[in-house]
Each structure stands twice: as structure tokens, then as C-alpha cells.
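So the structure is just underneath, and the comments pick up after that.
The values are calculated or read from the model by the stated rules, or taken from the named source; none is laboratory data. These numbers were taken from a predicted model, which means no experiment stands behind them. When we count neighbours, we look across all protein chains shown, and the Cβ atoms used for this are built from the backbone with ideal geometry, even at glycine. Calculation scope for accessible area: heavy atoms of the full protein, side chains included, ligands and nucleic acids excluded. Shrake-Rupley method; radii C 1.70, N 1.55, O 1.52, S 1.80 Å.
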Amino acid sequence: MHRTPKNSAPSRRSLLRALGGGALLGSLAGCGVPAAYVTRGERSGADLSARDKRLTMANWPLYIDTDDDHPGRRPTLDAFEERTGITVSYSEEINDNDEFFGKVSPALMNHQRPGRDLIVLSDWMCARFVRLGWVQEMDRSRQPEVARHLDPLLRSPGFDPGRKFTVPWQSGITGIAYNRRRLGREIRHVSELWASDLKGRVTLLSGLDEAYALLMQGDGVDVTRWTPDDFHRVCDQVERQVRGGQIRRFTGNDYTKDLVSGDVLACQAYSGDVIQLQADNPDIRFVVPDEGAELWADSLMIPDLADHKENAELLIDHYYRPEIAAELAAWVNYVCPVPAAQDVLADSMDKDTAALADNPLIFPDAAMRERLAIAKDIPSTERVGFARRWNAIVGL
């Protein structure tokens, strides 16, 4: 079993930093800026794949398996190169969704080649790219493994019905983490974050896109079809908790430090982080509340005018082979988008690796799956106003 580095997801679910970034995204996504939107006929260029066996992939740090003895090697990627003869130039250049958007947007909005054939971004940012026409539709006939093995829960998010433009790299759950021993009881509902014995020892995520869905679910909202009234009602609730001293602070991924130290007893959290924390402290629990939790993904996209579209499609399909998906899942410990990988892990001769097959935070069981939902994306027409209100509460 590959060892997952501690705190290996510092920016994977990045926060919406400031209203300036939100305003930029909102204005571009609204298609009111003619130069930003790219029509279907302008998205593809000459594909060099047939004669140029290469591709360039941009991903987040520490988001792919590596060889324990040779950290520069990536076994699943090496297997693709050996099987296909395609060389992959792999870079860990994505540290923040907004930052990467700023890096590639000048080329994409001006109909220029982006210098990357494959990128991995959080689904809420993927929605921006899809609406702006900055990504190409994939040829699923070249991706039989994706068609066969993609988790049904992830197949048709609102921003990309049928996953024509995006394919999940890894998935995860935004739920609640808590210290069972220190708290002395279980947590099953979002509303329990507001209990008196947790006053001043609760944190929420500071990013608008990261925080809103779970809070709405705790309020009984169907997050696949929420309304602006639902959003503002949740903001009213959070404002009351801030004024009352219930919320210690708003965090990025540094909530893990507060939870480990005991300064915080319960917090909004990501499933993948908690798996890592539990390796050292089994008292830390992760719960999908009875009201539900958000299922999200970081997804692969092929940008407009990519030089090697067909090669990129083949690499995506490679990662949907159950044996490859299993190897990646064993290393990153997020929700695997390939349910068939569960049987591969279960058959492992290594006891620790086989145990991962029974971890519901990697392969959610049937009861948990019923409580998971992909949230409707924030409409571009509402994003600036929502960001302004949320950031005022958070203090950004």
C-alpha cells in the first residue's frame, strides 16, 4: 500500500479568496463578454496525436500515486506510457482554482493554444470552463472504460449533463468531522454544530463553493435545486452563530490542525483529509449527516485547441480501468469514481490495502450513497452578490 503524505490536500478544495476573483468569474461566466465565450466551432484545432505521441497534463500537488522507493516515478502513469507509447509531461502546477484560472484565461478567451492537453479542476470551476466554452467535448467512443465504470452518482452533474466535457479524477464528500472521545457523544445532524457544548469550538470552511451545500442540506434543502432564498436563509443562520460566539473561525484546509490539537471539537471537513487523520487518531470521526452531504469531484478536462486531444482521451480512459483506479485510490484515499475498483482492492494480498475496500469514505456504502448529492452550481448572475455576502460573514 502506498503511503499517503500527511496533509496532502492543502489547496485541492480551494477557497474563493476575494470578491475581485468572484467578480471576474461571474462576469466572464455570464457570457456578456463576447471575447470570453468560445463557440463550438472554434474549440478544436489540428490534433497532433496521431504523429506526436505526447501529451501535457496539469494536476494538483500530491494527487497521483508515486513509488515509495523512487518518488519521481508515478506507477499508474508509467503503466500508461508503457502500454501506449505516449509520453506524458506531468506537472503539479495547480495550487488554487482561481490562480490557475488567471493563468490560462488569457489564452483561452483569446482563442490561443493553452499549452496543456489535460487539466484537473474542482467541479465548481469546471462549470465556469464549460459555460465559457473553454473545453472540448470528449469522444466517448475512445473511452469505453469511462462509459462502463464511471460511478452513476457522478455521471450527470447539473453543469455538465452526461459528463460530455468533464470526467472525475477523484471525488470526495464535504461532511462533518469531530473528536468522538473529547466530545463524548456522536454527531448525526448539521444542527448539532450549534449545540451549547460546542460553543467556540466549531469551524466552518471559508470558501463559498465549499461551504454552502452542507449548510443548506442541514436546513432541509434539496441542493440539486436550491434557490437564492435558501442561500440567504443559511447566511442568516451563520451570522447568528458568529454573533453568538459558536463559530471559532472560518478555515481553509488548516481545520485539520485545530481538530488534531483539540482546539476544535467539530468542523466542516473533507472525507479524504479525515482518512489521513484517522491513521494517527482513531477518535476522529467523519459523518455524512442524516440530512445529507455534498458529493464533489475534481475533474479532468481537455482545453480548447489542445494539441493532443486524442492522446488525452486515452489517458483519461486509462484511469478508469479498475486495476489502475484501485492503485490510485489506495494512494490518494479520496472517494474513488470507479466502483469496480473496490473488488480489485478487496482481492489484494496486502491486508492494509484490502481493508481500503471496506472504507466507506473511499467506496461509500448503499446507505451513505442515498444521502449524497451533487449541489447545483451557483448561477453566474448570482455569484458576485453571493460572494459579497458570504465574504462579509467570513471576514475576507
Exactly one condition in (1) outside any helix (DSSP H, G or I); (2) hydrophobic (A, V, I, L, M, F, W, C); (3) closer than 24 Å to residue 125 by Cα is not met by residue 211; state its number.
(1)
Please determine whether any residue of the stretch 272-288 is of a type in the set (Asp, Glu), surrounded by fewer than 23 Cβ atoms within 10 Å (Cβ to Cβ) and more than 28 Å from residue 128 (Cα to Cα).
yes
List the pairs whose first member sits in the stretch 87-109 and is within 16 Å of residue 130 (Cα to Cα), whose second member is polar (S, T, N, Q) and open to solvent by less than 70 Å² (accessible area, probe 1.4 Å), and whose Cβ atoms are under 9 Å apart, counting only residues at least 6 apart or on separate chains?
97/11; 97/14; 97/122; 98/14
Only one of 346, 325, 341, 330 is surrounded by 19 or more Cβ atoms within 10 Å (Cβ to Cβ) and either touching a Cys at 6+ places or on another chain (Cβ under 7 Å) or farther than 17 Å from residue 65 by Cα (or both), namely 325
Residue tally, condition in a helix (DSSP H, G or I) and touching a Phe, Trp or Tyr at 6+ places or on another chain (Cβ under 8 Å), over the stretch 45-79
2
Selection within the stretch 300-336 - over 17 Å from residue 87 (Cα atoms), assigned to a helix (DSSP H, G or I) and in contact with a helix residue (DSSP H, G or I) (Cβ under 8 Å, 6 or more places away or on another chain):
322, 323, 324, 325, 326, 327, 328, 329, 330, 332
Could you tell me how many of the residues in the stretch 68-100 are more than 15 Å from residue 300 (Cβ to Cβ) and either open to solvent by less than 40 Å² (accessible area, probe 1.4 Å) or of a type in the set (Lys, Arg) (or both)?
8
Set 358, 317, 350: member being without any contact (Cβ under 8 Å) to a residue 60 or more places away in the chain and either among the acidic types (Asp, Glu) or on the phi < 0 side of the Ramachandran plot (or both)
358
For residue 393, state whether it is part of a helix (DSSP H, G or I), closer than 20 Å to residue 126 by Cβ, out of contact with any His (no Cβ under 9 Å at 6 or more places or on another chain) and aliphatic (A, V, I, L, M).
no
